[in-house]
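Step one of this worksheet: look at the structure below.
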Amino acid sequence: ERVPMAGITLYAMTKSALLSFTKGLAHDLGPQGITVNLVHPGSTDTDINPASGPGADPQRARMPIQEYGKPEDIAGAVAWLAGPEGRFANGAGFVVDGGANA
């Protein structure tokens, strides 16, 4: 759905495929009471993409909240979806990216 810069065409294509896969599974598994959703995390401070790494400043420049997310920021969204409060969410994509794709 989003291609914020040159050079990431294949990466963006796989992300779009995941959303279609999620929607299809929501239809296939919904009758069994199983919900399927997709979380789109933004730049998150991890070992593979550290907030202090060489690519961090360009990523921050695209964010309205110019800081990296923490793993617990993403985990909070996943926990909500997996808990009773998220029981009616199905076939949706949830963006947790500090507004980078706003």
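Can you confirm whether residue 35 is within 23 Å of residue 89 (Cβ to Cβ) and touching a residue at least 40 places away in the same chain (Cβ under 8 Å)? Walk me through how you get there before you give the answer.
Numbers: within 23 Å of residue 89 (Cβ to Cβ): yes; touching a residue at least 40 places away in the same chain (Cβ under 8 Å): yes.
Spelling it out, residue 35 is indeed within 23 Å of residue 89 (Cβ to Cβ) and touching a residue at least 40 places away in the same chain (Cβ under 8 Å).
Collect the residues in segment 67-87 that are touching a residue at least 12 places away in the same chain (Cβ under 8 Å), more than 18 Å from residue 15 (Cα to Cα) and of a type outside the set (Gly, Ala, Ser), keeping them in residue-number order.
Those that are touching a residue at least 12 places away in the same chain (Cβ under 8 Å), more than 18 Å from residue 15 (Cα to Cα) and of a type outside the set (Gly, Ala, Ser): 67, 68, 70, 71, 73, 81, 87.
Can you pull out the helices (runs of 4 or more DSSP H) entirely within segment 1-88 that have at least 2 residues that are open to solvent by less than 90 Å² (accessible area, probe 1.4 Å) and among the polar types (S, T, N, Q)? Walk me through how you get there before you give the answer.
On the way: elements: 9-29, 56-61, 71-82.
So the answer is 9-29.
The values are calculated or read from the model by the stated rules, or taken from the named source; none is laboratory data. Quick caveat: nothing in here was measured; it's all calculated off a predicted structure. Quick reminder, even Gly has a Cβ in these numbers, built from the backbone with ideal geometry, and neighbours come from all protein chains shown. For the accessible areas, the whole protein counts, side chains as well, though only heavy atoms, and no ligand, DNA or RNA atoms are used. Shrake-Rupley method; radii C 1.70, N 1.55, O 1.52, S 1.80 Å.
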